[in-house]
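We did not get these values from a lab; they are worked out from the coordinates using the rules stated. Everything numeric in this text was worked out from a predicted model, so none of it was measured. Glycine gets a Cβ as well: all are built from the backbone with ideal geometry, and neighbour counts include every protein chain shown.
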Amino acid sequence: MFSRVKAVATLIAASAVLAHPAAAQYRVHYGYYPGTPPMDPSVTVYGGYMNLGSYFNSTLGPTNGGDAGLIGAQITLPLSPNFALVANGAHANSNLLFPSLAGGQYGNSEVWLFDGDIQLGAPFRAYGGHWINPFLQFGAGAMQYQAQFYQTNNTIGSVSSTNFTFNVGGGLDYFFTRTFGLRFLAKDYIGSYQYYGYYGRRYTDNWSISGGLLFGL
């Protein structure tokens, strides 16, 4: 009897010892850590849609950037579960639109965005143990806008300007593991644009929606 009890106790102890590394490995690879949300620095590569605003009034009427494809990347440095610093860079390219003209499309517009942001998050555990982090981002930086004007496929002029812009937005991170997930983001870039010698200063909104892959470093 005593030998059977001893054998069962030994088997239970051995199972616990063997199970502990397996459970630890499961948590490492699949993100099921109790208590603390992911805190690794990360890089997010994203793509989406941007609506470029009306940049200036010319002799041809208001000029709009139109709908644009957007690609970019963010580097996120968490300082606490609820606070992080973000560096962002993005590029958008679109047709240049003159709504007052027949056909409306007479050029090309290109935008580069560079900004630094503060991110405020509220992470929580979802069903199955994965982490979800809804967040707000706001910050400031520079927006370079370039436009080329065409007539019968020939370039007849161009303008280029780099100006201050600030932004505000929100999004959500869904972590499949502690170092891999999805990021969904909506932002509005509000800029002050000055083309020297062209139609004075103007303020405009440029809103975007995007989604991308998040990789922990």
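Would you list 39, 143 from fewest to most Cβ contacts within 10 Å?
The order, fewest Cβ neighbours first, is 39, 143.
Provide the FRET efficiency to the nearest 0.05 for the residue 215-residue 160 pair, computing r from the beta carbons and using R0 = 25 Å.
Efficiency for this residue pair is about 0.15.
Rank-order 89-95, 120-126 by packing density, defined as the average count of other C-beta atoms within 10 Å over each peptide's residues, highest first.
My ranking of the peptides, most packed first, is 89-95, 120-126.
Exposure proxy check: 40, 115 ranked by fewest other beta carbons within 10 Å?
Ordered from fewest to most neighbouring Cβ atoms within 10 Å, 40, 115 come out as 40, 115.
For 205, 117, what's the fewest-to-most ordering of other Cβ within 10 Å of each Cβ?
Least to most surrounded, the residues fall as 205, 117.
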